[in-house]
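Visitor: Have a look at this one before I ask anything.
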Amino acid sequence: MRTSKAKTPKWNIPENLQALIDADSSDGDGIWQDDSWDPILLTVMAGTSYGGRDIPLSWQIEFQPADVRLEKVNKAIEARGIEPDGYGWAKLIEEVFAKDHPELADELHFGDTEIDSCVVWVESESTCKTLIEVTWSLIQVS
């Protein structure tokens, strides 16, 4: 278990991201992933549709709340009356994000979250960068 806050990873998206995604799949449903925010996995995907419209690239973060590295922060969340599962984490992220970034809050999508995993996706790189930074700050233990 961590005993101090980990250094915040650098936001490092390849300049040729679209080419990497296109090369991943001939049918346009390619992905690119970055695990430098571990335990958060960042995934950028092609081939997403939402509300009847195509999304050129969707930007998703995902992590498992049961990860042993989150034990201490999960206890703190539980003490606040929030279940430290995927849904509880989604609720916490949504609340903190809406408080700190109200102009972007409507851009968060939580539909793929489950008990075992917190999944949040957005439609833009800039919103995802903000989302991952907010989430990173929440999962750090001191």
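The values are calculated or read from the model by the stated rules, or taken from the named source; none is laboratory data. Being a predicted model, the structure only gives us computed values, none of them experimental. Neighbour counts are summed over all protein chains in view; Cβ atoms, including those assigned to glycine, are modelled from backbone coordinates with ideal geometry.
Visitor: Any chance you could count how many residues in the range 33-76 are modelled with pLDDT under 95 and touching a Gly at 6+ places or on another chain (Cβ under 7 Å)?
Guide: 2
Visitor: Listed residues GLU78, GLU83, GLU103, GLU15; which is within 15 Å of ILE139 (Cα to Cα), part of a loop (DSSP other than H, G, I, E, B) and more than 15 Å from the chain's Cα centre (by Cα)?
Guide: The match here is GLU83.
Visitor: Just to verify a result, which residue in the range 106-133, among those that are of a type in the set (D, E, K, R) and under 13 Å from the mean Cα position of the chain (by Cα), is farthest from TRP11 (Cα to Cα)?
Guide: If we take residues in the range 106-133 being of a type in the set (D, E, K, R) and under 13 Å from the mean Cα position of the chain (by Cα), then ASP112 is farthest from TRP11 (Cα to Cα).
Visitor: Here are some residues: VAL44, VAL96. Which one is surrounded by 14 or more Cβ atoms within 10 Å (Cβ to Cβ) and outside any helix (DSSP H, G or I)?
Guide: Unique residue meeting the criteria: VAL44.
Visitor: Also: When you scan the range 45-53, do you find a residue that is more than 24 Å from ASN12 (Cβ to Cβ) and touching a strand residue (DSSP E or B) at 6+ places or on another chain (Cβ under 9 Å), even just one?
Guide: So the first thing to find is which residues in the range 45-53 are more than 24 Å from ASN12 (Cβ to Cβ), and the list is 49-53.
With touching a strand residue (DSSP E or B) at 6+ places or on another chain (Cβ under 9 Å) added as a condition, the list becomes 49-50.
Scanning the range 45-53, I find at least one residue that is more than 24 Å from ASN12 (Cβ to Cβ) and touching a strand residue (DSSP E or B) at 6+ places or on another chain (Cβ under 9 Å), so the answer is yes.
Visitor: Which of the residues spanning the range 1-12 are within 27 Å of ASP116 (Cβ to Cβ), at pLDDT below 90 and under 20 Å from the mean Cα position of the chain (by Cα)?
Guide: Result: LYS5, ALA6, THR8.
Visitor: Quick one: PRO65 ticks every box in (1) crowded, with 20+ Cβ neighbours inside 10 Å; (2) over 19 Å from ASP38 (Cβ atoms); (3) touching a strand residue (DSSP E or B) at 6+ places or on another chain (Cβ under 8 Å); (4) not aromatic (Phe, Trp, Tyr) except a single one, so which number is it?
Guide: Single failed check for PRO65: (2).
Visitor: Also: Cβ-Cβ below 7 Å, separation at least six or inter-chain, first residue in the range 91-110 and among the aromatic types (Phe, Trp, Tyr), second in a helix (DSSP H, G or I) and surrounded by fewer than 14 Cβ atoms within 10 Å (Cβ to Cβ): which pairs?
Guide: none
Visitor: Being among the polar types (S, T, N, Q) and surrounded by fewer than 17 Cβ atoms within 10 Å (Cβ to Cβ): is that true of SER58 here? Explain how you work it out, then say what you get.
Guide: Numbers: among the polar types (S, T, N, Q): yes; surrounded by fewer than 17 Cβ atoms within 10 Å (Cβ to Cβ): no.
In short, no.
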